[in-house]
Amino acid sequence: MDSSSDAHGRHRCAACFRQFNKMEHLVEHMRSARHSPHEPRCGVCGKHCRSFEALRDHLGAGGSTLPKAASCAAAFAARGCGICLRASVPPHHAASCKLHRAQPVSATRITIGGGSGGGGGARALALGCKMVGAGSDGSLDVVARVCVVDEHENIVFETFVKPLIPVTNYRYETTGIRPEHLRNGGGVGVMTVKAAAERVQNLLLNGEQPWRARSTASRARLLVGHGLEHDLEALGFDYPAHLKRDTAAYPPLMKTSKLSNSLRFLTLTYLGYGIQTGHQHPYEDCVAAMRLYQRMKGQDHPRRGGGADEPAASADQAFPAWRQRELERMTPEELLRLSTPDYRCWCLDD
Ligand SMILES: [Zn+2]
Ligand SMILES: [Zn+2]
Ligand SMILES: [Zn+2]
Ligand SMILES: [Zn+2]
């Protein structure tokens, strides 16, 4: 069936189903929309959504809003999974999809990986920091606790951090950090921020020279986290963008408004459990970010096998090699096949 235009000669986007009176307007739309097979899609009607939040609205999942598509919502309510948003799942799926809260391991059971040799064969490491307050009103964030976790949720590095400037608010209610932790390490050790940053960097670089990490062929590890810019700024080093996997900045996990969701919201919504209650251990944030990364990475997306979608992300404009007139002669399906996303999908990670 030809879905390219309806009885009134309107042109329908093959991804988001928007309709346009003129083909040139559909081409215009395709240039800016950057649709691709990597977008979250409704398992009932096949519509592409910008983000999982938009897909949840479409399906009325978790009662987020009135469903935008009543028939999809009805089918989804009968057989779908409210966490991973698959439209049709087997009866016992929910038990494995809904994850349980990871208990912070007590300090005595932690095996701390040493220097550059730590982290074992991990391809990705998750970083989490907890901040205390400095400055006259205690609002200046100062890193006080650092944790690094591997893909198997083992702690490979953990330390308290000696503050360089006086702490004016330990934020004890949420951090559980007391002055003595930053003096004697409370059983897990304490070091300067410089030394802690060096250990984290060594774990990430995995024996690679910092300048070599910029190359895509390096052994350097992927850095997973939530709001990585903030953590890295507090630690005082940066890391190549192509190796960062930030759950606060990944388009499918962001709000329709393109603002970040909180890690707490993402964990509750897409992993099915609550975090950040009581005294918060950075381990729990590391595990949540790593699990979200793995869930996104495990998404089942059609791959074009070295085709148009692989390097994608960097190009400013869709269809750079095509003329407007050539594009206007294509069907909406052909346009969608040529369209590339403006972000690199995590499902492309090995
Ligand atoms: Zn569209
Ligand atoms: Zn993908
Ligand atoms: Zn649908
Ligand atoms: Zn599920």
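Since every read-out is calculated from the coordinates, none of them should be taken as a lab result. As the structure is a computational prediction, the values presented were derived from the model and not from experiment. Don't worry about glycine lacking a Cβ; one is built from the backbone with ideal geometry, like all the others, and counts go over all protein chains shown.
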Considering amide H positions built from the backbone, and no H for Pro or chain starts, which residues 5 or more places from Val156, or on another chain, come under 5 Å of its amide H? Val148, Val149, Asp150
Could you work out Rg/(2.2 N^0.38 Å) for the range 171-237, with Rg from alpha carbons only? 1.37
Where both residues lie in the chain, what percent of DSSP beta bridges are antiparallel, nearest 5? 70 percent
Could you tell me the calculated FRET efficiency between Arg123 and Arg86, based on Cβ-Cβ distance and R0 = 25 angstrom, to the nearest 0.05? 0.45
According to a simple spin-label model (label point 7 Å from Cα along Cα-to-Cβ), what is the distance in nm between His152 and Ala70? 5.3 nm
Only Cα pairs within less than 10 Å get springs; with that Gaussian network setup on the chain, which residue of Ser139, Ser339, Ser262 has the largest fluctuation? Ser139
What is the extension gain from Arg12 to Tyr343, computed as 0.36 nm multiplied by their sequence separation minus the C-alpha to C-alpha distance, in nm to one decimal? 116.8 nm
Report ³J(HN,Hα) in whole Hz for each residue of the range 324-334, in order, from the Karplus equation J = 6.51 cos²θ - 1.76 cosθ + 1.60 where θ = phi - 60°; Gly and Pro get x. 3, 5, 5, 5, 5, 8, 7, 7, x, 5, 5
Coordinate range along principal axes, alpha carbons of the range 214-266, Å, largest first: 34, 24, 16
What is the calculated FRET efficiency for Arg214 to Thr168, with r their C-beta to C-beta distance and R₀ = 41 Å, to the nearest 0.05? 0.60
Hey, which of these cross-link pairs are over 19 Å Cα-Cα: Lys47/Lys68; Lys162/Lys194; Lys244/Lys297; Lys130/Lys162; Lys68/Lys255; Lys130/Lys258? Lys130/Lys258
Give me, ordered by chain and number, the residues 5 or more places off Arg145 or on other chains with an amide H under 5 Å from its own placed amide H. Lys130, Val161
Value of [θ]222 nm, deg cm²/dmol, for the chain, DSSP H segments ≥ 4, -39500 (n - 2.57) each, nearest 500: -8000 deg cm²/dmol
Descending principal axes extents, the range 7-67, alpha-carbon based, whole Å: 38, 25, 17
5 Å is the cut-off here: which amide hydrogens, built 1.01 Å from N in the peptide plane, fall below it relative to Thr168, excluding neighbours closer than 5 in sequence? Gly133, Ala134, Gly135
Just need the Rg to Rh number for the range 123-274, please, alpha carbons only, Kirkwood Rh. 0.98
Once phi is turned into θ = phi - 60°, what whole-Hz ³J(HN,Hα) does the Karplus curve with 6.51, -1.76 and 1.60 give for every residue of the range 151-165, x standing for Gly and Pro? 5, 9, 6, 8, 6, 9, 7, 8, 7, 8, 10, 5, x, 7, 10
Classify the chain from the C-alpha gyration tensor, please: rounded if a/c falls under 1.5, else prolate or oblate depending on whether a/b exceeds b/c. prolate
